[in-house]
Amino acid sequence: METVSVPLPKSLYDLIVLRAATRNQAPARLVEEILAEELMPHHPYVEVIDSRSGPRPVIKGTRVGVDVIVGYSQAGYPPREIVESVLLHLTLAQVYDALSYYEDHRAEVDLSLQVNTPEAWREDLKQRLGVEAARQLLGE
């Protein structure tokens, strides 16, 4: 993501720094969140949570990532089949909103799909648990 500098009046910058400190955030992160809320299209069923690997868009109230829904879609599952056969606890509106979010944030989600492959998860498990424990857990 390209970084752009925008000059601000000192009083506004000081307010941003103060608010960011009360939220235990970096000022740039706070500004990014505020601008995203105000300028980006609204997605009522998607929220961005902090995960071990960084910010992750998920369906609100679930741990189902937008990347998971996009993965099923790219594998050929139409939205209705995703909710009727795969992710039964989701609604059609949630799936469509996740796909809409993907269209608005394609580069971020595509990067997540490239990094979070099944092979990458297997390697992560092997590093964290050890080869033998990971094999046992994975049924290998």
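The values are calculated or read from the model by the stated rules, or taken from the named source; none is laboratory data. Values in this document were obtained by computation on a predicted structure and should not be read as measured data. Glycine also receives a Cβ, built like all others from the backbone with ideal geometry; neighbour counts cover every protein chain displayed.
Evaluation of Leu113 against the conditions (1) within 13 Å of the chain's Cα centre (by Cα); (2) without any contact (Cβ under 8 Å) to a residue 24 or more places away in the chain; (3) surrounded by fewer than 19 Cβ atoms within 10 Å (Cβ to Cβ) shows that the sole unmet condition is (2). When residues in segment 1-56 are screened for being of a type in the set (Asp, Glu), over 29 Å from Trp121 (Cβ atoms) and either surrounded by 10 or more Cβ atoms within 10 Å (Cβ to Cβ) or at pLDDT 85 or above (or both), 1 of them pass.
All of Tyr72, Tyr77, Tyr102 fail the test of being more than 30 Å from Leu30 (Cα to Cα), hydroxyl-bearing (Ser, Thr, Tyr), touching an Asp or Glu at 6+ places or on another chain (Cβ under 9 Å) and crowded, with 17+ Cβ neighbours inside 10 Å, apart from Tyr72.
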